[in-house]
Structures are given as structure tokens and as C-alpha cells.
Amino acid sequence: MPLDLIIVIALLALGVLFMLVEIFLLPGISIAGIAGAIFLIGGITYAYLFLGNTAGNISLASTAVALGGSFFWLLRSKSLQRISLNTNIESTVDNSYLKKMVAGDTGVAISRLNPIGKVMVNDVVVEGKSVDGAFIDEDTEIEIVKVETYNVLVKRKLITEN
């Protein structure tokens, strides 16, 4: 009987440990989570089979309390803050070249706009987006309709015959 009790305690302790590793250190479902579930189920089943219903119920309840208690203890402790990322990103994307462009400027599509592609306007290559969603072939003259934060809305330049 004492050996059976040691086996149950060891299985449940390993199960709780692996489940906490799964929750806090390894993202998604991994071997630690599967092993933790197997150890927990195995320990509780072993307690029911070899120690009786009362011991099985006690092991089930104590496992739930141990898993829940250690989960909340780890959330409140400072140990997770030591391994967490605390860096803030302060940099921004340089899009000052878009300030040189205004609606009505003309250029050429240097890739097919399908409906997004690369256009060259005022000797600057930017991402262009077809304003009406139409495809614009490469080397087609375009006209800027609107300058947005990261790209420009363009349309085919209307060719007027004189």
C-alpha cells in the first residue's frame, strides 16, 4: 500500500508539473501537455484501481486543487516577469517619400497592379493600389488619385488625343 501511494503521488506530481510547463512555457499542444494529461489520468486511475474509491476521489480533488493553486500562484509570482519580453517598439516606418506625392501626379506601373503592385512616381518606387480594383498592366501610365498612409491609390492615366 505505501508503494501504491508513492506511485500515485509521483504520477500526479509529474502530471501537474508537465501541465504547468505546457501552459506557461510551451505554446500550443505539445509533448509536455500530452504527457501531463497522461500522467494525471494515469495517477487518478491508479488510485481508483489500487487504493479504492475514497483514495481516488481524494487524488482527483487534490490534483484539481494543486493544478489550480499552482496556476494562480505562478500568475501572481514575479517569476514569469523574469522570462517575459518587456521591450517596447518605439520605431516607425519611414514613409516621408509619400509627402512628395499629391493627387494628380503621374507615373508608371513597374509591376502589374493586381490590384496592388509597385508604381514609380516622381522617381520614387511606392506601393500602388488600383482605386477601382481593376488590373493595371506593367509599363502602363498611371495617375495618383489619393495618397494614403503607406501607399497610393492610382488609376490608369487617360490618354487624350490632340
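All of the numbers you see were taken from the coordinates with simple rules; none came from a lab. Predicted model, so just to flag it, every value in this text is computed and none were measured. FYI the Cβ positions are ideal-geometry reconstructions off the backbone, even for glycines, and counts take in every protein chain you see.
Just a few scattered comments:
- Only helical runs count toward this figure. For the chain, summing -39,500 (n - 2.57) over DSSP H runs of n ≥ 4 and dividing by all residues gives -15500 deg cm²/dmol at 222 nm.
- Sorted by Cβ neighbour density within 10 Å, fewest at the top, the residues Met101, Met1: Met1, Met101
- Angstrom value of the Kirkwood radius, inverse mean 1/r, which spans all Cα pairs in the range 2-82: 13.1 Å
- Kirkwood Rh, angstrom, the range 29-162 [1 / mean 1/r, Cα pairs]: 20.7 Å
- Loop GluC sites (Glu not before Pro), the range 91-162 (other Cβ atoms within 10 Å of the site Cβ: 12 or fewer; DSSP): Glu138, Glu148, Glu161
- Whole-number D in µm² s⁻¹ for the range 97-156, Kirkwood Cα-pair radius fed into Stokes-Einstein, 25 °C, 0.890 mPa s: 231 µm²/s
- Size of electric dipole in the chain: Cβ of Lys, Arg +1 and of Asp, Glu -1, about Cα centre, debye, nearest 20: 660 debye
- Counting only alpha carbon atoms, the long axis of helix 2-24 and the longest principal axis of the chain meet at about 10°.
- Folded to 0 to 90 degrees: helix 31-51 orientation relative to the chain principal axis, Cα: 20 degrees
- Relative contact order of the chain: 14 percent, from C-alpha pairs under 8 Å at least 6 residues apart in sequence.
- The range 2-82, relative contact order [Cα under 8 Å, separation at least 6], %: 29 percent
- Reachable aspartates and glutamates from Lys100, criterion Cα separation under 17 angstrom, eight or more residues apart if same chain: Asp123, Glu127, Glu143, Glu148
- The order of Ile23, Ile159, Ile29, Ile144, going from fewest to most other C-beta atoms within 10 Å of their C-beta, is Ile159, Ile29, Ile23, Ile144.
- The range 97-156, relative contact order in percent, only Cα pairs under 8 angstrom and at least six apart counted: 36 percent
- Leu60, Leu12, Leu3 arranged by Cβ crowding within 10 Å, fewest neighbours leading: Leu3, Leu60, Leu12
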